[in-house]
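Trainee: Below: one structure in structure tokens.
The values are calculated or read from the model by the stated rules, or taken from the named source; none is laboratory data. On a predicted model such as this, the values are computed, not experimentally measured, just so you know. Cβ placement follows ideal geometry from the backbone for every residue including glycine, while neighbour counts extend to all protein chains displayed. Quick note on the areas: whole protein, heavy atoms, side chains included, nothing else; ligands and nucleic acids left out. Shrake-Rupley method; radii C 1.70, N 1.55, O 1.52, S 1.80 Å.
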Amino acid sequence: MAVSPPPPKSPLDLPMDVSDRTLASLGFDDIRAALAGRCRTEVGQERARARKFLESRDEVVSALALADEARGLKNEPITLPISGLVDVRGSIDRASKAGMLEPRELIAICQVLFSFERCNEILLDRRERYSGLAALGRRLPVLTKLATRLDRSFEASGEISDRASSDLRDAREKARGLHKRIRTRLDELLRDEKFTETLREGYYSVRNDRYVVPVKSSHQREVNGIVHNASQSGQTLFIEPAEMIGLGNELAIAQSLVLEEERKVLLELSGLVGREAGGLLDGVDALSQLDELEAVAILSNDLHAVTPGVEAADGALVLRGLRHPRLVLKGGAEIIANDVELGDARSLVVSGPNAGGKTVTLTGVGLCALMTRAGLPIPADPGSKIPLFNQVHSAIGDQQDLQAGLSTFSAHVTILKAITTSARRGALVLVDEIAADTDPREGAAIATAVLEELLGRGAIVLVTTHLEELKALAHLDKRFVNARVGFDGKKMSPTYKLQIGFAGASSAIDIARRVGLAESICARAHDLATNAGGALSKAIAAAEDERRKLWEQRDAAERDAREARAAREAAETELAAALKSRKESEVKFRESLRAELEYARTQIRSLVEKLETEKGAGALKAAQAAAADMTARINEQTTAERGIRQELKGEVRELAPLELKIGARARHRSMDAEVEIVDLAGDSATVAMGAMKMRVAVSELGPLAGGASVAKKQPAVSKLDRAAAAAPAPLAIASPTLDVRGQRAEEALRNIEQFLDRCVRNGDESALVIHGHGTGAIKRELRDFLKNSPYAKSFRPGDTGEGGDGVTVILL
């Protein structure tokens, strides 16, 4: 949804002020957790869990625009290549301070660099559509040389590669050579029978980085060498043979050189990273924003959210099709969408049965206010608007504080005191069951005074209540509007549907009956309640009952109107289908008749040829006249068939319903004439047909063919134009036509020859071949072929009206 341009800076455009208690009671941390759960990197998750409220309207509008861009990218669908990236900020910071990074850290940085490059390419390729995302993409440093250097310095296993440096490769080659020499000599010793008699088993191993053989402890003196280890039982000694000691020492030196070269490589690579630390850290921050934005897009799609219109802090609150975010995320049961709109009022008083959805309405509105301030789309329908509240206060849930020695009512009043003290213009205040848990009369008085104080401070207030006095405020003060959550009397259960403009009954007795309280108790309670209501309660109940009846009558009238429109449209559709079927049948009949006439014309032509051969002048003239008459009848059938086909095309467009409005043009069904609607009155209309006007039933009017029902001024037609239009058109018999465009020359000539043979056998006088211009190959081949073809008497290029040189006309 397009976000409206920002208005001038308002004194109400203040930073967000919301307490941790309000955030907890509304469950905003669940939204943050849901956002973090859809991130794919550690830095993105960290950012989402700490998502802040934005300072100004400009920041909110920009964030919502970025969210729209992210949804557009996600719906292409494009997924940024950021999965599995770890947080490398600590490693980059150490590298900037000349620290040496471990191979796993450098590999992680390498993966981040490649991700930078791919994300940058994806976003800059789409900068025309997603300018905000492209701006973030430009912050991702493209360090191809560094990424390639890191990548070629490590193997897939994480080990430093020989490609990292030539000195490292040489040191490792030397160490590998010594390993090979030692193993070769040990293999020779293991093949010596005298030597193997001293061994526990015929193998060698490495202990303390030295090659050893397992010698029986009883044969220790027979093997000269150094004991490096022994088995737990002491029966086996692991001895490095004396002749291996020199090679072992050389190997130890070579391995130390390898370690030193590896250390040099790590220091060099860490230094390269350190020199780019500033750009890398900024890139990681941009990448975390991109990850969070992608999560915003996924969350918005999961919530079926929209970008709301962002109003000033004291602007209109219009939430259409509001769905509670936490309930949508929870899934499972069907979520009832509700419209919340205050109009000119500043306070919404929600009443109705317990467990009917009153508190859900309050927390849903509160969460949407917080989500908007955090730059997140909200789960509502298009057309929703929400003020940019600078405060959100709530008094929701059980506030009993045993440690402070406060009862539920005392704790509730303590919270109301804090709210009334700090609330300011542009605040949203949500109070559940205001001033309950005390004497209803005094509670209503306190509640009314609190609401008046909050409205006087410029806040928008939503409260839930069972107090009749608060329901009556909407009838006495235009700043208040009632709303109720519905209750199904047949099912004895809430409908969870919010109705603005109505006060709701608590339905406590009905609910008590539903949960199983004894019927005798419920009946007695009903009698007591019926007789206990005061004049105010009875007046409100009577007004609400009258309003309910009016709404039911309106709903019934709207339902009847919908059914009538549907019936009329169905009848028009059936009529159009019947007309179409009739004309299709007529087309088939005329096609059949034309085929028979074509056959007759062929027979007459054969007869003419025979008479020409026999030189019978009288019979020849009769046959020629018959042929001309037959040709005229064929042309007549062809013209009629084309006309009906055009009508059929028009009938398809005529299926659109007629738009009844003054100035529209329509078709009078009975008179089959075009008329203009000049007046409408209920089920009848005044129409004009030329200078004549008449009143007709609306049902007699239908749409014009082609659906053009709006009156248009017809251009003036001169007498010469009308005379030319009335003149008889010249007789023209369409020549058989073959289109060979797009074919190869050999294939085209083969098809043309078969076509000409068929035309000659059918008695056609001429034929038309469409070959187009193209390279001119088919045109040249065709005309060379026709010079010597027995089918062609002559040929020529087409005239301007026939297609020009892209067509060849052949006289057969």
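Trainee: Looking at the stretch 72-89, is at least one residue out of contact with any Asp or Glu (no Cβ under 6 Å at 6 or more places or on another chain), farther than 17 Å from LYS264 by Cβ, open to solvent by less than 60 Å² (accessible area, probe 1.4 Å) and of a type in the set (Lys, Arg)?
Mentor: yes
Trainee: Checking GLU674 against (1) touching a Ser or Thr at 6+ places or on another chain (Cβ under 8 Å); (2) more than 24 Å from ALA566 (Cβ to Cβ), only one condition comes out false. Which one?
Mentor: Tallying (1) touching a Ser or Thr at 6+ places or on another chain (Cβ under 8 Å); (2) more than 24 Å from ALA566 (Cβ to Cβ), GLU674 fails exactly one: (1).
Trainee: So for the stretch 134-146 (the condition being out of contact with any Asp or Glu (no Cβ under 6 Å at 6 or more places or on another chain), more than 28 Å from GLU105 (Cβ to Cβ) and open to solvent by 40 Å² or more (accessible area, probe 1.4 Å)), does at least one residue qualify?
Mentor: Yes, the stretch 134-146 contains at least one residue that is out of contact with any Asp or Glu (no Cβ under 6 Å at 6 or more places or on another chain), more than 28 Å from GLU105 (Cβ to Cβ) and open to solvent by 40 Å² or more (accessible area, probe 1.4 Å).
Trainee: Here are some conditions: (1) surrounded by 14 or more Cβ atoms within 10 Å (Cβ to Cβ); (2) among the basic types (Lys, Arg); (3) under 26 Å from GLU598 (Cα atoms). LYS779 meets all but one. Which one does it not meet?
Mentor: Answer for LYS779: the failing condition is (3).
Trainee: Please verify whether ALA512 is within 46 Å of the chain's Cα centre (by Cα), in a loop (DSSP other than H, G, I, E, B) and either at pLDDT below 80 or closer than 23 Å to THR359 by Cβ (or both), treating the condition exactly as stated.
Mentor: no
Trainee: May I pose another question? Going residue by residue through the stretch 21-31, is there one that turns out to be surrounded by 20 or more Cβ atoms within 10 Å (Cβ to Cβ), in a loop (DSSP other than H, G, I, E, B) and modelled with pLDDT under 95?
Mentor: Among the residues of the stretch 21-31, not one is surrounded by 20 or more Cβ atoms within 10 Å (Cβ to Cβ), in a loop (DSSP other than H, G, I, E, B) and modelled with pLDDT under 95, which makes the answer no.
Trainee: A further question follows. Would you mind stating whether GLY278 is surrounded by fewer than 17 Cβ atoms within 10 Å (Cβ to Cβ) and within 25 Å of ASP87 (Cα to Cα)?
Mentor: On the way: surrounded by fewer than 17 Cβ atoms within 10 Å (Cβ to Cβ): yes; within 25 Å of ASP87 (Cα to Cα): yes.
So GLY278 passes the test.
Trainee: Another one. Would you point out which residue out of VAL213, VAL273, VAL265 is in contact with a Phe, Trp or Tyr (Cβ under 9 Å, 6 or more places away or on another chain) and of a type in the set (A, V, I, L, M, F, W, C)?
Mentor: Answer to the check: VAL213.
Trainee: Looking only at the stretch 354-370, count every residue that is buried (at least 24 other Cβ atoms within 10 Å of the Cβ) and within 11 Å of TYR496 (Cα to Cα) and tell me the total.
Mentor: So the count comes out to 3.
Trainee: Now a separate question. Taking the criterion of being in contact with a helix residue (DSSP H, G or I) (Cβ under 7 Å, 6 or more places away or on another chain), assigned to a strand (DSSP E or B) and open to solvent by less than 30 Å² (accessible area, probe 1.4 Å), would at least one residue in the stretch 238-246 satisfy it?
Mentor: Yes, that holds for at least one residue.
Trainee: Which of the residues that make up the stretch 331-361 are basic (Lys, Arg) and touching a His at 6+ places or on another chain (Cβ under 9 Å)?
Mentor: Pass one, the stretch 331-361, residues basic (Lys, Arg): 346, 358.
The answer is none; no residue qualifies.
Trainee: Only one of these conditions is not met by GLN220: (1) at pLDDT below 90; (2) part of a strand (DSSP E or B); (3) of a type outside the set (Asp, Glu). Which number is it?
Mentor: (2)
Trainee: Out of everything in the stretch 371-385 that is in contact with a Gly (Cβ under 9 Å, 6 or more places away or on another chain) and open to solvent by less than 10 Å² (accessible area, probe 1.4 Å), what residue ends up being farthest from ASN482 (Cα to Cα)?
Mentor: Within the stretch 371-385, the match that is farthest from ASN482 (Cα to Cα) is PRO379.
Trainee: Among the numbered criteria (1) small (Gly, Ala, Ser); (2) out of contact with any Lys or Arg (no Cβ under 9 Å at 6 or more places or on another chain); (3) open to solvent by less than 40 Å² (accessible area, probe 1.4 Å); (4) in a helix (DSSP H, G or I), which single criterion is violated by GLY99?
Mentor: Of everything listed in (1) small (Gly, Ala, Ser); (2) out of contact with any Lys or Arg (no Cβ under 9 Å at 6 or more places or on another chain); (3) open to solvent by less than 40 Å² (accessible area, probe 1.4 Å); (4) in a helix (DSSP H, G or I), GLY99 misses just condition (4).
Trainee: Looking at (1) assigned to a loop (DSSP other than H, G, I, E, B); (2) touching a helix residue (DSSP H, G or I) at 6+ places or on another chain (Cβ under 8 Å); (3) open to solvent by 80 Å² or more (accessible area, probe 1.4 Å), find the lone condition where SER233 falls short.
Mentor: (2)
Trainee: Which one is modelled with the lowest pLDDT among residues in the stretch 675-704 that are surrounded by 16 or more Cβ atoms within 10 Å (Cβ to Cβ) and among the hydrophobic types (A, V, I, L, M, F, W, C)?
Mentor: Checking each candidate, the answer is LEU704.
Trainee: Is it the case that some residue within the stretch 189-206 is among the aliphatic types (A, V, I, L, M), loosely packed, with under 15 Cβ neighbours inside 10 Å and under 60 Å from the mean Cα position of the chain (by Cα)?
Mentor: The answer is no, given that none of the residues of the stretch 189-206 is among the aliphatic types (A, V, I, L, M), loosely packed, with under 15 Cβ neighbours inside 10 Å and under 60 Å from the mean Cα position of the chain (by Cα).
Trainee: Right, here's the next one. Do we have LEU280 as in contact with a helix residue (DSSP H, G or I) (Cβ under 6 Å, 6 or more places away or on another chain) and at pLDDT below 95 here? Outline the logic, then answer.
Mentor: On the way: in contact with a helix residue (DSSP H, G or I) (Cβ under 6 Å, 6 or more places away or on another chain): yes; at pLDDT below 95: no.
It is false that LEU280 is in contact with a helix residue (DSSP H, G or I) (Cβ under 6 Å, 6 or more places away or on another chain) and at pLDDT below 95.
Trainee: Among the residues of the stretch 348-373, count how many are under 17 Å from VAL328 (Cβ atoms) and assigned to a loop (DSSP other than H, G, I, E, B). Spell out how you get there, then give the answer.
Mentor: Residues of the stretch 348-373 under 17 Å from VAL328 (Cβ atoms): 357, 359-372.
Subsequent filtering for residues that are assigned to a loop (DSSP other than H, G, I, E, B) retains 357.
Total satisfying the criteria: 1.
Trainee: Taking the condition in contact with a His (Cβ under 8 Å, 6 or more places away or on another chain), under 24 Å from ILE500 (Cβ atoms) and not polar (S, T, N, Q), does ALA435 pass?
Mentor: yes
Trainee: Look at GLU262 and say whether it is open to solvent by 80 Å² or more (accessible area, probe 1.4 Å) and in a helix (DSSP H, G or I).
Mentor: Judged against the criteria, GLU262 is not a match.
Trainee: Just one of (1) within 24 Å of LEU64 (Cβ to Cβ); (2) surrounded by 21 or more Cβ atoms within 10 Å (Cβ to Cβ); (3) of a type outside the set (A, V, I, L, M, F, W, C) trips up HIS412, so point out which.
Mentor: (1)
Trainee: Just checking, which of ARG554, ARG565, ARG605 is at pLDDT below 70 and either touching a strand residue (DSSP E or B) at 6+ places or on another chain (Cβ under 9 Å) or at negative phi (or both)?
Mentor: ARG605
Trainee: Need at least 1 residues that are more than 13 Å from ARG346 (Cα to Cα) and either of a type in the set (Gly, Ala, Ser) or at pLDDT 90 or above (or both) per element, so show me which helices (runs of 4 or more DSSP H) inside the stretch 426-509 make the cut, counting only ones lying wholly within it.
Mentor: Ranges flagged: 440-456.
Trainee: Considering each residue of the stretch 435-479, count those that are of a type in the set (Val, Ile, Thr) and farther than 23 Å from GLY357 by Cβ, and give that number. It would help to see each step written out before you state the result.
Mentor: Just the residues of the stretch 435-479 that are of a type in the set (Val, Ile, Thr), to begin with: 438, 446, 448, 450, 460-461, 463-465.
Next, from what is left, pick out any that are farther than 23 Å from GLY357 by Cβ: 438, 446, 448, 450.
Of the residues in the stretch 435-479, 4 are of a type in the set (Val, Ile, Thr) and farther than 23 Å from GLY357 by Cβ.
Trainee: Identify, by number, the condition in (1) within 30 Å of ARG514 (Cβ to Cβ); (2) open to solvent by 10 Å² or more (accessible area, probe 1.4 Å) that VAL349 doesn't meet.
Mentor: Result: VAL349 passes all but (2).
Trainee: So in the stretch 28-76, with the set limited to residues that are among the acidic types (Asp, Glu) and farther than 21 Å from PRO308 by Cβ, which one is nearest to the chain's Cα centre (by Cα)? Steps first, please.
Mentor: Let us first name the residues in the stretch 28-76 that are among the acidic types (Asp, Glu), namely 29-30, 42, 46, 55, 58-59, 68-69, 76.
Narrowing further to those that are farther than 21 Å from PRO308 by Cβ: 29, 42, 46, 76.
On the way: ASP29: 25, GLU42: 26, GLU46: 26, GLU76: 8 Å.
The extreme case among them is GLU76.
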